[in-house]
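Notes for the one structure printed next.
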Amino acid sequence: MKERAKSVLLFTAALMLLGIAYILFNLSTGIGIPCLFHSLTGYSCPGCGVSRMIISILKFDFLSAVHYNAALLFLSPAILVLAVQLIYKYIKTGSKMLSRAQSVTVVVIIVILILFSVIRNLPGFEYLR
């Protein structure tokens, strides 16, 4: 159990350091990670605007955060709860399997993100892009 907790902690720390480095790089240079889907199609994907959303949250500019990616902003608490549940279960049991409720939650989140992606690309919904 200690080894699993240690690996989760190291992975989380590495992920956070990478995120902080990216944000600092983005803020100092204005260069972000381009969206391959948007570059190829001209349409916004479910993740378009996430970097700007996170930076807006860090600046306590929640109105801008909603503008950049409302779906992921509002789904973030559910995603965070799901992640904490999965990490806890993995540390305690070593299992990476999702429960039925967790699987349903993941499917619902994916469906919401797909619908959001379609809607934000429709005429009249430009404010969601």
Given the conditions (1) at pLDDT below 95; (2) within 17 Å of the chain's Cα centre (by Cα); (3) surrounded by fewer than 12 Cβ atoms within 10 Å (Cβ to Cβ), every one holds for Ile31 apart from (2)
Positions within the stretch 18-49 being among the hydrophobic types (A, V, I, L, M, F, W, C), closer than 27 Å to Phe125 by Cβ and in contact (Cβ under 8 Å) with a residue 12 or more places away in the chain, in sequence order
Ile33, Cys35, Cys45, Cys48
Which of the residues that make up the stretch 69-103 are among the charged types (D, E, K, R) and either assigned to a loop (DSSP other than H, G, I, E, B) or touching a strand residue (DSSP E or B) at 6+ places or on another chain (Cβ under 9 Å) (or both)?
Lys96
Hits in the stretch 90-127 - residues which are at pLDDT 95 or above and of a type in the set (Lys, Arg):
Arg100
With the requirement that a residue be in a helix (DSSP H, G or I) and either of a type outside the set (A, V, I, L, M, F, W, C) or at positive phi (or both), what does the stretch 54-68 give you?
Ser56, Ser64, His67, Tyr68
Which residue, of Ser44, Ser51, is among the hydroxyl-bearing types (Ser, Thr, Tyr) and either assigned to a loop (DSSP other than H, G, I, E, B) or more than 22 Å from Gly19 (Cβ to Cβ) (or both)?
Ser44
Starting from the stretch 50-65, keep only residues that are in contact (Cβ under 8 Å) with a residue 24 or more places away in the chain, then list their pairs with residues that are of a type in the set (Ser, Thr, Tyr) and crowded, with 18+ Cβ neighbours inside 10 Å whose Cβ atoms are within a distance under 8 Å, requiring at least 6 positions of separation or different chains.
none
Of the residues in the stretch 75-129, those that are touching a residue at least 24 places away in the same chain (Cβ under 8 Å), of a type in the set (Gly, Ala, Ser) and over 28 Å from Leu10 (Cα atoms) come to Ser117
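The values are calculated or read from the model by the stated rules, or taken from the named source; none is laboratory data. On a predicted model such as this, the values are computed, not experimentally measured, just so you know. Backbone-built Cβ (ideal geometry, glycine too); neighbour counts: all protein chains shown.
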